[in-house]
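The values are calculated or read from the model by the stated rules, or taken from the named source; none is laboratory data. Treat the numbers as computed from the prediction; the structure is a model and nothing was measured. We place every Cβ from the backbone using ideal geometry, glycine too, and count neighbours over all the protein chains shown. Keep in mind that these areas ignore ligands, DNA and RNA; they rest on the heavy atoms of the full protein, side chains included. Shrake-Rupley method; radii C 1.70, N 1.55, O 1.52, S 1.80 Å.
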Amino acid sequence: MAMRDHPGIYRVNPASSNWEWAALLVFAAEIASVHLFAGMLRLTTPVDKPRPAPGQAYLIAARAASPLWASAIVLAIPSLAALVAVHLLAHFVALRTLYRDIRRELQIGGDLEALHVTYMVYSVAVVLWIPLMVMIFVSVAQA
């Protein structure tokens, strides 16, 4: 794991946390994010559009989350700057993918309406991830 292999690069003490549990917690949050994305897609669909089927909502959610999952590959490179840059790029790609899928799959023609649904769906995941990241960083900072 990157935190144990390159602790100096990521500015952490490898013995300060049980990184396996942190990785398991992040994985569980990733799975929960897909469920939240799919649920929010079904809840925030405009009234004049058909609500997506559960399978369709999960497909859109998984496609939107895949750039974030793929961004973990950068942990193989011992560079904090690369990690931050690739993760921010992955968020941009995820938002763009979600926006395009919402427009295409939900047949939303208006840019503003599609953008509104995109931000409503994505904001739920942000609400989940911010406390999780704060908790991880606080536990790392205490060591």
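Against the criterion of being more than 14 Å from TYR122 (Cβ to Cβ) and within 14 Å of the chain's Cα centre (by Cα), GLU30 qualifies. Say whether the condition of being modelled with pLDDT of 85 or more, loosely packed, with under 15 Cβ neighbours inside 10 Å, at negative phi and in a helix (DSSP H, G or I) is met by at least one residue in region 107-118. There is at least one residue in region 107-118 that is modelled with pLDDT of 85 or more, loosely packed, with under 15 Cβ neighbours inside 10 Å, at negative phi and in a helix (DSSP H, G or I). Residues being within 27 Å of GLU20 (Cα to Cα), surrounded by 12 or more Cβ atoms within 10 Å (Cβ to Cβ), at pLDDT 90 or above and not hydroxyl-bearing (Ser, Thr, Tyr) are entirely absent from region 96-105. One residue alone among PHE92, PHE37 is open to solvent by 50 Å² or more (accessible area, probe 1.4 Å) and either in contact with a Pro (Cβ under 6 Å, 6 or more places away or on another chain) or within 30 Å of TRP21 (Cβ to Cβ) (or both), and that residue is PHE92.
Of VAL121, VAL74, which residue is buried (at least 16 other Cβ atoms within 10 Å of the Cβ) and modelled with pLDDT of 90 or more? Every option except VAL121 fails the conditions.
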